[in-house]
Each structure stands twice: as structure tokens, then as C-alpha cells.
Amino acid sequence: MELGPEWTALGPWGLFLACFLAATVLPFSSEAVLAAMAIGPWSGALLWWVATAGNWLGGMSTYGLGRLGDPRAVTRWLRVDQRRAEAWHRRIRHWGPWAALACWVPVIGDPIALALGLGRARFWPTALLMLLGKAARYAVILALMR
């Protein structure tokens, strides 16, 4: 999905919304909005805080949805074969909340957040590590833009 100037016209709220939605199962990236806003009148610190907060809260909502779900029912609904589901479960048990550091990675980050919830990874370590990973991502993006 291409994100146009209407997102930047919303200012920091548009960035927050774009970053939140990008951390869910919706297929688009928040980097385009952040890049467009980085050349605007907003400070880098504000953009970093807003992007990080939005993306983190979106990721935690995906984690929360996983936490509410029944792992077997979700596996059937997503049509994931049992071997693949068991492999994900082993990874989550092995890495635990540390896997949340990778929730920023495009394509696989959202399934990791969902799997962390389904695997009942501890909330606070997951939340903190996901926040650190997403904050580092946006810091690097903004540093590359300047």
C-alpha cells in the first residue's frame, strides 16, 4: 500500500497512526511516512518518540491478540501445518521475550509478536524488549535521513 501526503498532512498524529497500523497485520510500512515527515518542520526527537510509541503499541496489540487466542484454534484458522506451528512454539519457548527484539523486522515482526502472545511470553520483558527494538529501528532510520 502506497502512503501518500495525506498521512503527513495529519502531522504527528498521522505518523502515530501509520506506525501503529504498520505494526499490525496490515501490509504497509511506516518508513515512507517517517521519511516524508523528516524533511518537514518537526524535530527528529518528536518524530522518533511518536513513531516508536505508535509502532510499539501496535506491536503490543498484536501480542495481546495472540495472548487472547487459543494457539490450536489460531493455527487452524491461519491454516498453518502442525509441524510449522510446533517449530514456532519451540522458538518462542527457547528465545522467550528476547524474540521481541526482532518485532521490528519487516514481514516476520508481526508474526513474532503474535507468536509471543500465543506462546504466553511474559508481558513486561516482552514489552520492554519490543520497545527497545522498535526504538532502535526508528533511531537508525532517522539518523540515516539526516
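What the table shows:
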quantity: Criterion violated by residue 126 - all others in (1) buried (at least 16 other Cβ atoms within 10 Å of the Cβ); (2) within 30 Å of residue 32 (Cβ to Cβ); (3) over 18 Å from the mean Cα position of the chain (by Cα) satisfied; calculated: (3)
quantity: Tabulated pairs, the stretch 37-48, first small (Gly, Ala, Ser), second modelled with pLDDT of 90 or more, C-beta under 6 angstrom, 6+ apart or interchain; calculated: 44/142
quantity: Restricting the stretch 25-35 to residues that are over 11 Å from residue 142 (Cβ atoms) and surrounded by fewer than 18 Cβ atoms within 10 Å (Cβ to Cβ), the residue that is farthest from the chain's Cα centre (by Cα); calculated: 32
quantity: Qualifying positions in the stretch 97-146 - within 15 Å of residue 23 (Cβ to Cβ) and not in a helix (DSSP H, G or I); calculated: 103, 104, 105, 106, 107, 108
quantity: Boolean, residue 38 is surrounded by 15 or more Cβ atoms within 10 Å (Cβ to Cβ), closer than 23 Å to residue 140 by Cβ, under 12 Å from the mean Cα position of the chain (by Cα) and not aromatic (Phe, Trp, Tyr); calculated: no
quantity: Pick from the stretch 113-143, criterion among the basic types (Lys, Arg) and under 27 Å from residue 85 (Cβ atoms), ranking: modelled with the lowest pLDDT; calculated: 120
quantity: Hits in the stretch 67-96 (condition: closer than 23 Å to residue 20 by Cβ and not charged (D, E, K, R)); calculated: 68, 69, 74, 78
quantity: Leading residue by the ranking (nearest to residue 27 (Cα to Cα)) among those in the stretch 70-106 that are modelled with pLDDT under 85 and among the aliphatic types (A, V, I, L, M); calculated: 78
quantity: Among the candidates 67, 90, 84, residue that is in a helix (DSSP H, G or I), closer than 22 Å to residue 127 by Cβ and among the basic types (Lys, Arg); calculated: 67
quantity: In the stretch 79-106, the residues that are surrounded by fewer than 17 Cβ atoms within 10 Å (Cβ to Cβ), in contact with a Pro (Cβ under 9 Å, 6 or more places away or on another chain) and over 12 Å from residue 118 (Cα atoms); calculated: 98
quantity: The stretch 49-78 - residue that is among the hydroxyl-bearing types (Ser, Thr, Tyr), surrounded by 17 or more Cβ atoms within 10 Å (Cβ to Cβ) and within 13 Å of the chain's Cα centre (by Cα) and, of those, farthest from residue 97 (Cα to Cα); calculated: 52
quantity: Sole residue being of a type in the set (A, V, I, L, M) and under 25 Å from residue 12 (Cβ atoms), chosen from 73, 113; calculated: 113
quantity: All positions within the stretch 50-68 that are without any contact (Cβ under 8 Å) to a residue 60 or more places away in the chain and not polar (S, T, N, Q); calculated: 50, 53, 54, 57, 58, 64, 65, 66, 67, 68
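The values are calculated or read from the model by the stated rules, or taken from the named source; none is laboratory data. Only a predicted model underlies this, so the values are computations on that prediction, with no experimental measurement involved. Note that each Cβ is placed from the backbone with ideal geometry, even for glycine, and that neighbours are counted across all protein chains shown.
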